[in-house]
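Before any comments, here is the structure.
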Amino acid sequence: MTTLITGGAGYIGSITTRAIRASGRAVVVLDTLENGHRKAVGDAPFVQADVADADAVRRTVEEHGVDEVVHFAAYKAVGESMANPGKYFANNVTGSQRLFETLRSCGVDRVVFSSTAAVYGTPARVPVRESDPTDCESVYAETKLMIEKTLGWYARTSTMRSVCLRYFNAAGASDDATLGEDWRFSENLVPHVMKAVLGHSPALKVFGNDYPTPDGTGVRDYIHVEDLASAHIAALDHLASGGASVTCNVGTGQGTSVLEIIAATERISGRKVPHQIVARRAGDVSEVWADSSLVRDLFGWEPRRHLDDIISSAYAWHSGRPGGHRG
């Protein structure tokens, strides 16, 4: 069994690639390297190409005997998506649709898709369930929802089946601290906390401390990237055993505040995290965390790592790189 991993040279993609290989599957990674790193793929077979390049995808499928696909490749900066929506619709949506049509023509009909909890927008309640309304508040989120719907129609009109994984807040680094998040390309909290504690940036900005939460700062569901990687393997196994298409939240089911992230970093690193409280950002919600009972019940998947594991692995990864990035 060979798994094609698009965007496999990125943060989550590279760690998932290694986990899939360790599970006994053969892999081939396809990535443009626009935001990925060739070194992160290691010695895995690699093709530098765009998912919209039908000839490159078809050749890769045929040469490597691809049976299934994990589709990460996408632009993911929320702010950029609002400033340049055409770029996101062209790459994330049209590129994905071309990929799926090429796969279908090659007889590859199992896809695990990297989606996002951002499709829920500002939820009316927490924890968030898959049955809750979607209300995208960014072009980025809308592109992910459009791809979910595209896959839903393929399931109804062809043999293609898919698992759409709605990630909550992926964080941390690989257990051996050899793969992690490049803070140059990240809008996520944990790498920016690391950047501040390691002295590579001015004080971290904490956007608001007047939310209706226990300490006044925003609360999110942080899931260790290694646990997230294992959810992809469970999804692949589900499809390989004939399972039906499904959309699942992937989170821990617990919320953690910004100040709790800072406190854990200070405790684990033994260093202060310089930070300042500033005004709330427009559109930020007070608290969001997942109801992950569906993925637990359907796949038998459970997160095994906790907040300290996230912070410890991230600190080990970033402190081992004076420049703060893979290169």
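Of the residues in the stretch 294-301, at least one is on the phi > 0 side of the Ramachandran plot and either modelled with pLDDT of 95 or more or surrounded by 19 or more Cβ atoms within 10 Å (Cβ to Cβ) (or both).
Candidates 93, 119, 78, 70: the one that is touching a strand residue (DSSP E or B) at 6+ places or on another chain (Cβ under 6 Å) and either outside the structural domain of residue 166 (by TED's automatic domain parsing) or in contact (Cβ under 8 Å) with a residue 12 or more places away in the chain (or both) is 70. For the stretch 1-41, the tally of residues that are at pLDDT 95 or above and over 20 Å from the mean Cα position of the chain (by Cα) stands at 4.
Is it fair to say residue 28 is among the β-branched types (Val, Ile, Thr), assigned by TED's automatic domain parsing to the domain that holds residue 234 and not in a loop (DSSP other than H, G, I, E, B)? Lay out the reasoning, then the answer.
Details: among the β-branched types (Val, Ile, Thr): yes; assigned by TED's automatic domain parsing to the domain that holds residue 234: yes; not in a loop (DSSP other than H, G, I, E, B): yes.
Considered against the rule, which asks whether it is among the β-branched types (Val, Ile, Thr), assigned by TED's automatic domain parsing to the domain that holds residue 234 and not in a loop (DSSP other than H, G, I, E, B), residue 28 comes out as yes.
Can you tell me which residue is farthest from residue 90 (Cα to Cα) among those in the stretch 138-169 that are surrounded by fewer than 17 Cβ atoms within 10 Å (Cβ to Cβ) and of a type in the set (D, E, K, R)? My answer is 156.
Within the stretch 201-219, residues that are charged (D, E, K, R) reach partners that are assigned to a loop (DSSP other than H, G, I, E, B) and at pLDDT 95 or above with beta carbons closer than 7 Å, at six or more positions or on different chains, in the pairs 210/216. Within the stretch 93-123, the set of residues being part of a helix (DSSP H, G or I) and within 20 Å of residue 235 (Cβ to Cβ) comprises 96, 99, 100, 103, 104, 117, 118, 119, 120. Report, by residue number, each residue of the stretch 1-53 that is under 18 Å from residue 67 (Cα atoms) and of a type in the set (S, T, N, Q). Listed by number, the residues that qualify are 2, 3, 6, 16, 17, 23.
The values are calculated or read from the model by the stated rules, or taken from the named source; none is laboratory data. These numbers come from a predicted model, not from an experiment. Note that we place each Cβ from the backbone using ideal geometry, even for glycine, and neighbour counts take in every protein chain shown.
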